[in-house]
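Data block below; observations after.
The values are calculated or read from the model by the stated rules, or taken from the named source; none is laboratory data. These numbers come from a predicted model, not from an experiment. Reconstructed Cβ throughout: ideal geometry from the backbone, glycine too, with neighbour counts over all protein chains shown. Surface accessibility is based on the protein's heavy atoms, side chains included, excluding ligands, DNA and RNA. Shrake-Rupley method; radii C 1.70, N 1.55, O 1.52, S 1.80 Å.
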Amino acid sequence: MTSALMKTVFAALAKRALQALIVAVVVGIVSFAMMQALPGDAAYRIAAGRYGYDMMDAAAADAVRLELGLDQPAILQLWIWLKALAQFDLGTSLVYGTPVIDEISTQLGYSLLLAGGAIVASLLIALPVGIAAGLNPNGIVDRVTFGLSVLFRAIPAFALGIVLVLIFAVQLGLFPVAGFHGPENLVLPSLTLGLGLAAVSNRVLRDSVVDAMRADWRLFSRTKGLSARLTLTRHVLRNAALPVVAYIGVQLAYLIEGVVIVETVFAWPGIGHALVHAIFGRDIAMVQGTALTLGLLYVALNLCVDLACRGIDPRGRLA
Amino acid sequence: MIYSIEVNALSVYAGKTRLMGPISFNLSNGGTLVIMGETGAGKSLIAQAILGTLPNTLHAKGQITVNGRRVDQMRQSARRRMWGTVIATLPQEPWRALDPLMRAFRQVSEAHHYVGGKKRSLANADTAKAFETLGLTGAEKQLPNTLSGGMAQRVAFAAATAGNAPILLADEPTKGLDAERHTKVVELLAKVPKEGGTLIAITHDVSVTRRLAGEVIVLRDGALVEQGKAIDVLANPTSSYTQSLIDADPKNWPQSEKQSDLAEKRDVVLTVENLAVARSGKRLFEGFDLTLRAGERVALVGPSGIGKTTLLDAMAGLIKPEAGTVTRAQSQSRHTVQKLYQDPPAAFPARIALKHVLKDVARLHKTDWSSVLTTLEKLGIHPSLLDRKPDEVSGGELQRISIARALTVGPKVLLADEPTSRLDPITQRDTLNMLETMAAAENFAVVLVTHDRQIANKWADRTIILT
């Protein structure tokens with residue numbers, strides 16, 4: 001790695017580290033405030049989560065309230081959480097009593113697997129479709145894929161997930177419906193997210209291929225004697241890839257939001273699924289922990305996109 | 001005699017409309033052909049027809065024979081195989097012709113490797129040699145966006161000629177280059193026929209034709225006006241159009257009247273004292289003084305990259321100078337200093353009709369629309385042009401519209417940043433003539449930035465040379 005590249009990598013790392021810190025504090029405060037704003041008595045919900053609805057009463061709820069310090073002022077509870085966070089301690093789950101970090105570390109792996117699967121699926125769809133449409137703008141492929149893109153982007157992820165389950169799992173029996181027992185479980189949730197991502201990114205790629213094919217430098221590459229194939233592989237693809245990779249950064253918001261929804265639809269044992277459960281159970285520590293992890297995941301993935309862009313585009317590098 | 005390239009009755013059609021031609025010429029090894037004419041005269045169509053890069057909506061008729069083979073009857077794929085190895089092309093906009101993401105050295109060495117068929121090590125060695133010969137040492141690792149126009153042109157030259165093609169097509173090779181780089185590129189091209197190659201150059205610049213010599217074809221609106229030996233045609237043009245092209249060469253301009261007694265008669269409109277400017281932290285120059293009087297024409301001359309544009313921006317109050325002061329006369333608001341830009345299309349929003357742009361400015365400054373129309377009329381712009389978008393009028397028209405836009409505000413000072421360097425010589429002369437007339441009529445001062453000393457000498461009251 002050249003020193004110029006090293007410098008730009010460090011610049012990106014420093015910027016994202018600061019961003020991560022800000023995200024951590026803001027997500028912690030916002031998720032705490034939102035949990036406080038939920039109606040109902042948190043202590044009742046937590047007691048119900050621990051002992052079951054039939055086995056609990058007001059006394060149990062009061063015991064929980066006392067044990068977890070839920071009677072303390074909200075601002076004090078937040079302060080305790082932030083102080084623990086500064087020591088990298090996410091606390092313990094209010095419902096299960098296990099350390100939040102243990103819960104999240106298993107769930108995070110599953111979520112990353114799903115997010116990775118979704119990106120791979122979106123690229124497998126968007127790359128061939130976008131390039132084919134871009135090489136022949138306004139052709140039949142371009143117009144059909146444009147229509148499909150609008151359609152798939154318009155369908156919410158949960159609806160698309162259910163449709164895919166009905167077709168591929170229930171009717172055709174090709175893939176399992178939900179849960180996680182093996183790689184075959186990865187296909188449908190990845191496809192659900194991947195279709196939504198590819199619906200937009202294939203159009204971005206299509207536009208950048210059209211631009212690249214019309215560029216003066218492409219014609220010059222041909223007239224200086226390079227074949228169509230060499231021009232494509234040495235010049236067009238790199239230039240066309242740049243906006244697409246940069247756009248993946250924009251799509252991460254959709255991806256993270258999608259992970260929460262799709263995990264719930266497919267009962268995927270990931271962090272989004274855990275977040276939804278924690279909200280229902282008023283497990284504040286888990287909510288804050290999972291929301292924080294998702295926020296940091298967003299920052300980390302953005303860092304990867306940043307580095308990929310800098311790898312493709314040497315222009316930003318300090319000389 | 002075997003000609004390396006033989007063109008017989010070549011014309012280019014859009015459907016049934018003939019856009020260019022018919023033209024015929026023969027060139028053997030060591031020969032030079034210069035194709036002259038204004039933008040839009042169809043010069044580039046000849047190059048595209050020879051190469052086979054005409055857009056799908058156009059088609060060529062006539063015979064093109066290269067090294068004894070009828071090119072026009074070949075399949076497209078066979079014609080493409082000649083690119084780089086039989087016919088090389090020097091592009092019109094070298095900056096845009098280079099891959100923005102690839103370093104200069106690799107763009108040349110890949111041509112040596114893939115087109116020249118050399119091993120990597122030999123390709124690299126030959127590229128290094130070419131960089132040295134062309135004075136590009138040190139630019140190997142640079143990306144196109146950090147190259148100057150002249151350097152980009154030479155990198156493109158090195159890449160285009162790597163395949164050792166005997167025929168070189170150069171389309172407007174000196175467009176937008178300053179005087180020094182202009183000379184260098186022309187020298188580079190003149191070497192091609194000397195070394196046994198064949199050169200076809202397309203230009204609107206009489207000085208380029210004079211230097212390259214050889215044969216010349218003059219086109220107007222796609223039709224052949226004149227053809228013959230360059231020396232003869234330039235010395236004794238038979239058509240008035242050729243004569244007007246020659247007259248448009250700044251060297252042949254009539255001398256504008258020098259206003260010399262301004263100091264007593266006119267008010268000072270702008271004072272610049274001890275100005276220093278910097279770009280990205282690097283100081284470009286310092287200690288610049290200038291006193292501008294109403295109606296005065298001052299030319300600023302200097303090579304590319306010296307900071308002429310930055311200086312103008314500082315004078316316009318668009319950037320903060322590093323040191324020194326720019327003072328307007330007390331009665332003047334900041335709108336009284338206006339700027340004209342080098343690349344007219346870049347100074348207008350691309351998708352909005354020109355009328356809206358002008359009307360917005362007029363409304364903002366409470367200028368009567370009829371007075372804008374009067375200005376446009378004086379500049380020779382028909383109001384119907386205003387319904388078009390910026391890319392639907394010519395560069396010269398657009399620059400005149402941008403002059404009208406600046407005048408809408410009633411400026412006392414007009415800072416013109418190479419306003420004509422991208423225009424045809426005839427349009428350039430007409431535009432500067434109009435600017436002179438308007439400055440005299442409306443009594444505003446003009447600071448003209450140019451890299452052409454001839455223009456400065458002929459046009460301005462006084463010239464400041466930046467070094």
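Counting only helical runs of four or more DSSP H residues, what would the 222 nm mean residue ellipticity of chain A come to if each run contributes -39,500 (n - 2.57) and the total is spread over all its residues? Before the final figure, lay out each step's value.
Values: 13 runs with 239 residues, N = 319.
So the helix-based figure for chain A works out to -25500 deg cm²/dmol.
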Practice item. Would you work out which of B:THR198, B:GLY150, A:PRO99 lies farthest towards the positive end of the dipole of the protein assembly as shown? Charges go on Cβ: Lys and Arg +1, Asp and Glu -1. Key: B:THR198
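Excluding ligands, DNA and RNA, what is the accessible area buried between chains A and B, summed over both sides, using a 1.4 Å probe, to the nearest 100 Å²?
2100
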Check your understanding: Taking amide H positions as placed 1.01 Å from N in the peptide plane, with prolines and chain starts having none, which residues 5 or more places from A:SER93, or on another chain, fall under 5 Å of its amide H?
Key -> A:THR98, A:VAL100
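Based on DSSP H runs of at least 4 residues, each adding -39500 (n - 2.57), what is the mean residue ellipticity at 222 nm of chain B after dividing by all its residues, to the nearest 500 deg cm²/dmol? Mind showing how you got there, number by number?
Details: 17 runs with 162 residues, N = 467.
Per the formula, -10000 deg cm²/dmol.
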**Study point:** Total charge dipole magnitude, the stretch A:107-280, about the Cα centre, Cβ charges on Lys, Arg, Asp, Glu only, Debye to nearest 20
**Key:** 820
Exercise for review: Could you tell me what percent of the accessible area of the protein assembly as shown is made up of carbon and sulfur, with a 1.4 Å probe and every protein chain present?
Suggested key: 58
Check your understanding: Tell me, which residues of the stretch A:214-232 get at least 20 Å² less accessible area when the other protein chains come in, versus the chain alone (1.4 Å probe)?
Key -> A:ASP216, A:TRP217, A:LEU219, A:PHE220, A:ARG222, A:THR223, A:LYS224, A:GLY225, A:LEU226, A:LEU230
Practice item. Heads up, I need the accessible area for B:LYS229: 1.4 angstrom probe, whole protein in place, Å², nearest 10. Key: 130
Exercise for review: Per residue of the stretch B:145-152, in order, report the coupling 6.51 cos²θ - 1.76 cosθ + 1.60 (Karplus, θ = phi - 60°) as ³J(HN,Hα) in whole Hz, putting x for Gly and Pro.
Suggested key: 5, 9, 8, 6, x, x, 5, 4
**Study point:** Positions from the stretch B:78-106 whose accessible area shrinks by 20 Å² or more when the full protein complex is built, not the chain alone, probe 1.4 Å
**Key:** B:ARG80, B:TRP83, B:THR89, B:ARG96, B:ALA97, B:ASP99, B:PRO100, B:LEU101, B:MET102, B:ARG103, B:ARG106
Practice item. Could you provide, to the nearest whole Å², the per residue accessible area of the stretch B:262-465 with probe 1.4 Å? Key: 46
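Largest first and in whole Å, what are the equivalent-ellipsoid semi-axes of the stretch A:107-280 based on the Cα gyration tensor, each being the root of 5 times an eigenvalue? Write out the running numbers ahead of the final one.
Working: eigenvalues 254, 53, 36 Å².
Calculated on Cα positions only, the semi-axes equal 36, 16, 13 Å.
Which pairs, out of B:LYS191/B:LYS339; B:LYS308/B:LYS412; B:LYS308/B:LYS458, put more than 31 Å between their alpha-carbon atoms?
Details: B:LYS191/B:LYS339 40 Å; B:LYS308/B:LYS412 20 Å; B:LYS308/B:LYS458 20 Å.
Beyond 31 Å between Cα atoms: B:LYS191/B:LYS339.
Of B:LYS43/B:LYS184; A:LYS224/B:LYS119; B:LYS359/B:LYS389; B:LYS118/B:LYS184; A:LYS15/B:LYS141, which pairs sit farther than 20 Å apart, going by alpha carbon to alpha carbon?
In this structure, B:LYS43/B:LYS184; B:LYS118/B:LYS184; A:LYS15/B:LYS141 exceed 20 Å between Cα atoms.
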Study note, to complete from the structure: Given the candidates B:ALA416, A:VAL209, B:ASN8, the one whose Cα lies deepest towards the positive end of the charge dipole of the protein assembly as shown, counting +1 at each Lys or Arg C-beta and -1 at each Asp or Glu C-beta, is B:ASN8
**Study point:** Residues along the stretch B:19-63 losing 20 Å² or more of accessible surface when the other protein chains are present rather than the chain by itself (probe 1.4 Å)
**Key:** B:THR53
Point to revise | 3J(HN,Hα) from dihedral phi, the stretch A:259-273, Karplus parametrisation 6.51/-1.76/1.60, rounded to Hz, x for glycine, proline | key: 4, 4, 6, 5, 4, 5, 4, 9, 6, 7, x, x, 6, x, 4
Check your understanding: For B:LYS229, which aspartates and glutamates qualify as cross-link partners when the Cα separation must be under 15 Å and same-chain residues fewer than eight apart are set aside?
Key -> B:GLU215
Review point. To the nearest Å, what is the center-to-center distance of the stretch B:219-236 and the stretch A:28-49, using C-alpha atoms only?
Key: 88
Practice item. Can you work out the accessible area per residue across the stretch A:43-131, with the rest of the protein chains kept in place, probe 1.4 Å, in square angstrom? Key: 57
Review point. Mind checking Rg over Rh on the stretch B:73-121, alpha carbons, Kirkwood formula for Rh?
Key: 1.03
Check your understanding: Ordering B:ILE167, B:ILE231, A:ILE162 from largest to smallest accessible area (1.4 angstrom probe), what's the sequence?
Key -> B:ILE231, A:ILE162, B:ILE167
Point to revise | Phi-based couplings in Hz for the stretch A:22-35 (Karplus 6.51, -1.76, 1.60; Gly and Pro marked x) | key: 5, 4, 4, 5, 5, 4, x, 5, 5, 5, 5, 4, 5, 5
Study note, to complete from the structure: Per residue, accessible area of the stretch B:15-174 with a 1.4 Å probe, heavy atoms of protein chains only, in Å², comes to 42
Practice item. Could you work out how far the C-alpha centroid of the stretch B:150-184 sits from that of the stretch A:241-319, in angstrom? Key: 49
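Based on the Cβ-Cβ distance of B:GLN76 and B:ALA179, what FRET efficiency does E = 1/(1 + (r/R0)^6) give at R0 = 45 Å, to the nearest 0.05? Please list the in-between numbers first.
Working: r = 40 Å, r/R0 = 0.90.
Computed FRET efficiency for B:GLN76 and B:ALA179 comes out at 0.65.
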Practice item. Provide the descending list of Cα extents for the protein assembly as shown along its principal axes, expressed in whole angstroms. Key: 112, 72, 50
Point to revise | Charge sum, other residues only, whose C-beta stays under 11 Å from A:LEU226's C-beta, Lys/Arg counted +1 and Asp/Glu -1 | key: +4
Study note, to complete from the structure: Under Stokes-Einstein, chain B at 37 °C and 0.692 mPa s, with its Kirkwood radius over C-alpha pairs, diffuses with a coefficient in µm²/s of 136
Review point. Taking a threshold of 20 Å on the Cα-Cα distance, which of the pairs B:LYS16/B:LYS61; B:LYS175/B:LYS251; B:LYS251/B:LYS378 fall above it?
Key: B:LYS251/B:LYS378
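Suppose every Lys and Arg Cβ carries +1 and every Asp and Glu Cβ carries -1, with no other charges. What dipole size does chain B come out with about its Cα centre, to the nearest 20 debye? If you can, show how the numbers build up before the last one.
On the way: 58 positive and 48 negative charges, 276 e Å.
Around 1320 debye, computed over chain B.
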Review point. Using only the Cα atoms, what convex hull volume per residue in Å³ does the stretch B:262-465 have?
Key: 122
Review point. Farthest toward the dipole's positive end in the stretch B:5-250, which of B:LEU33, B:GLN243, B:ILE167, given Cβ charges of +1 (Lys, Arg) and -1 (Asp, Glu) about the Cα centre?
Key: B:ILE167
Study note, to complete from the structure: P(r) over all Cα-Cα pairs of the stretch B:5-250, 5 Å bins from 0 to the longest distance, whole percent per bin, short to long, reads 1, 6, 14, 17, 19, 17, 13, 8, 4, 1, 0, 0
Practice item. About the Cα centre of the protein assembly as shown, how large is the charge dipole given +1 on each Lys and Arg Cβ and -1 on each Asp and Glu Cβ? Please answer in debye to the nearest 20. Key: 2020
Review point. Computed FRET efficiency, Cβ-Cβ of A:ALA228 and B:ARG96, R0 22 Å: what is it to the nearest 0.05?
Key: 0.65
